[in-house]
Every structure is written in structure tokens, then in C-alpha cells.
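Right, one structure below, let's go through it.
The values are calculated or read from the model by the stated rules, or taken from the named source; none is laboratory data. Quick caveat, the model's predicted, so the values are computed rather than measured. So basically every Cβ, Gly included, is an ideal-geometry build from the backbone, and we count neighbours across all protein chains shown.
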Amino acid sequence: MIIKAVKFRKDGFYTQPFVFGGEEGADKFDPTVRYRGSLQNYLIDTGDEVILVDTGLPAGTPEEVPDEKSPLFTGKDICSYMEAFAALGYAPGQVTKILLTHKHGDHSGELRSFPNAKIYVNADETSAAELQGLSHIVPVSFTDGAYHNFPASQKIVDGVYLIKAKGHTNGNSIVIVENEGLFYMLHGDITYVDEALYENKLSVVYEDLAAARETLDRVREFVKNNPTVYCGTHTPQGYENLEAGRVMDLDHPVPTELAEVDFSETKASGKYVCSICGYVYDPAEHDGIAFEDLPDDWRCPRCKQPKEKFNKA
């Protein structure tokens, strides 16, 4: 079993209020503390199958242009998701299964690019707009019972399990891979950065707060009781943990490296990008209405997040 990171954005950031403020409120935390951000998904090569965990942003998604007030920045393009996938030495036709952690566009963006893959997704997520018109969807009802302390799971192949993990979205899932005595937890947005797992904090992005708290509690309990390599999507800690085979120790956090940010380099296009789901607001597609002129209560048409979650593109 081989697990690889599909890396397609780097040098992003997530502010402390964004990654810690879900329960206590963002105003309780320091917006000048910016943790390192990136974007990567994961590939599992079992020897018999090539399995993807999520499929990145859609090709052509513009970079964001953050400023000092931006709560997050998903990063600068390294390359497109499909270019990053190809750089690992695989072809789209080799992928047999895709395990979708949740619907958001930075996880589901290139599902259509893998013609032979069955797409496994929590049955509660299949009505999402991002998944409409897709063939080969396999709704997962988690019929294989408990997996350790998680109540509901589905075995995908030997050593690979999809775990029900509601909270961030109502159909959120985790992938756990068992390999050579370690448990690799490949997740979407249980936390955006590892500091939130160490500090036991929820982000401000969730569809069910109580469920998100229960899921984080179960993740922390699992990590305490099993040697777990914690592989996230939104921080370089995810692939650093993977490449080092680093087992998460909640009592001995890895020292934090804060993001280094230069706000002077970028120029805005007039478009805005939702940093949560990747939706692009283009005034040309909305009767020329500038993003700044939208009502204060306007929300992302895809993920329903408020205007403050958008960055200039």
C-alpha cells in the first residue's frame, strides 16, 4: 500500500479566528495569527487499484488575492489538480475508485476527469449541486458497523475504510487506511490545521455544530488510542505528516510554523472566490454587479457562506 499527496496549491494561510472560533466565537481569537495553508488531496495505490481521496479544484479556478483582513487564503497555484495527479505517474483511466470526503469544490472539482472511477460518497451528500450529472456515483450507507470508536463505517477494500463523520457538512466522511501498523487518517476539513486538533477547536465552517463537535471528539479519541498519521487537505502539515510517517501525539504538539505573507504582490481581477467551496463570483455573469455592491446578507449560492469568506481573485 502506497499513499501519496496530490499537491496543487501552496503558501496559503488560515487565521486563528477562522480555525479556532467555531464554538467560542471568532472574536475570541487573534486575527493576526496566520497558520500555514496549502491544498492537497491524496492517492492510495493498493497494488491492485488506484484510489483517490477527493479531486481538487476545477481547472481554471482563479487564485485569490488576500489582504490583511482576509480570514483565509487557499494559496498560490503550484499547478492544476490534474497536472499534480499526472506528476505522480498515473493516468486518469487507472483510477478505479474515488472516495469523496464531502461536496465542496476544492474536494470534488475534478470528479468528471476520471472516466472509469466509481465515486463513493455518503448517501446524505448525493443531492449536492456539485455532484449532479455525475455517473458512477455509489451512495454509501455505512452498513459495515462500527470502526473502533466510530459508530458507522464502510469497508472499501482491505485496509481502506470510509467513516461517517458528519459536521463540517451533513454528509462529511473520513478515510482511514491501515498500513504497516499505522492508521492514516485522510480527511477533508475535520480541522483546517493541526493546531486545531491539538487545541481541540472547531473551525467556523460547519453545517451541524453539535455533530462537528462529536466528530472531533471521536477523532481525538481515535488518535489517542491508535498510532495515527493525520493527513489534512488545507495545511502542509498534512503531507509533512505523511512523508515523515509522523504519528500524531496530542500531548506533544509539533512546533507551529506561522505563515509568512506578503500582501503587496497581487492584482485583483474584479472576480471573487469563495475560500470555502471555490465558487467564483464574476460580475460579467451577474449583470455587471460588482461583488462590493451585493447586499451585506448575500451568501455564496453554492455553500451558503457569507461575503466575508470570499477573497478577491
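Here are some notes:
- For the stretch 73-125, the set of residues classified as of a type in the set (Gly, Ala, Ser) and either surrounded by fewer than 16 Cβ atoms within 10 Å (Cβ to Cβ) or over 21 Å from residue 60 (Cα atoms) (or both) consists of 86, 87, 89, 91, 93, 117, 123, listed by residue number.
- Residue count for the stretch 129-151 under the criterion of being of a type in the set (Gly, Ala, Ser), touching a helix residue (DSSP H, G or I) at 6+ places or on another chain (Cβ under 8 Å) and either closer than 19 Å to residue 304 by Cβ or buried (at least 16 other Cβ atoms within 10 Å of the Cβ) (or both): the result is 0.
- Checking 90, 161 one by one, the residue that is modelled with pLDDT of 95 or more, out of contact with any Phe, Trp or Tyr (no Cβ under 9 Å at 6 or more places or on another chain) and not in a helix (DSSP H, G or I) is 90 and no other.
- Residues of the stretch 202-250 satisfying the condition of being hydrophobic (A, V, I, L, M, F, W, C), more than 15 Å from residue 38 (Cα to Cα) and within 13 Å of the chain's Cα centre (by Cα): 205
- Hits in the stretch 158-202 (condition: buried (at least 21 other Cβ atoms within 10 Å of the Cβ) and in contact with an Asp or Glu (Cβ under 7 Å, 6 or more places away or on another chain)): 166, 167, 168, 169, 171, 188, 202
- Residue pairs meeting the criteria (Cβ under 7 Å; at least 6 apart or on separate chains; first in a strand (DSSP E or B), in the stretch 291-310; second crowded, with 17+ Cβ neighbours inside 10 Å and among the hydrophobic types (A, V, I, L, M, F, W, C)): 310/273; 310/274; 310/291
- Check on residue 256, crowded, with 22+ Cβ neighbours inside 10 Å, touching a residue at least 60 places away in the same chain (Cβ under 8 Å) and either in a loop (DSSP other than H, G, I, E, B) or of a type outside the set (A, V, I, L, M, F, W, C) (or both): no
- Only one of 81, 147, 120 that is closer than 19 Å to residue 216 by Cα and touching a residue at least 12 places away in the same chain (Cβ under 8 Å): 147
- Residue 174 vs. criteria of a type in the set (Val, Ile, Thr), closer than 27 Å to residue 26 by Cβ and assigned to a loop (DSSP other than H, G, I, E, B): no
- Taking first residues from the stretch 176-203 that are closer than 23 Å to residue 160 by Cβ and partners that are among the acidic types (Asp, Glu), the Cβ contacts under 7 Å between residues at least 6 apart in sequence or on separate chains come to 188/54.
Let's see how each residue does on (1) more than 30 Å from residue 224 (Cβ to Cβ); (2) part of a loop (DSSP other than H, G, I, E, B):
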site	(1), (2)
79	yes, yes
96	yes, no
106	no, no
119	yes, no
124	no, no
130	yes, no
133	yes, yes
143	no, yes
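- Here residue 46 fulfils each of the conditions (1) within 16 Å of the chain's Cα centre (by Cα); (2) closer than 23 Å to residue 173 by Cβ; (3) hydroxyl-bearing (Ser, Thr, Tyr) apart from (1).
- Residue check: residue 137 meets all listed conditions (1) in contact with a strand residue (DSSP E or B) (Cβ under 8 Å, 6 or more places away or on another chain); (2) within 15 Å of residue 175 (Cα to Cα) but one, namely (2).
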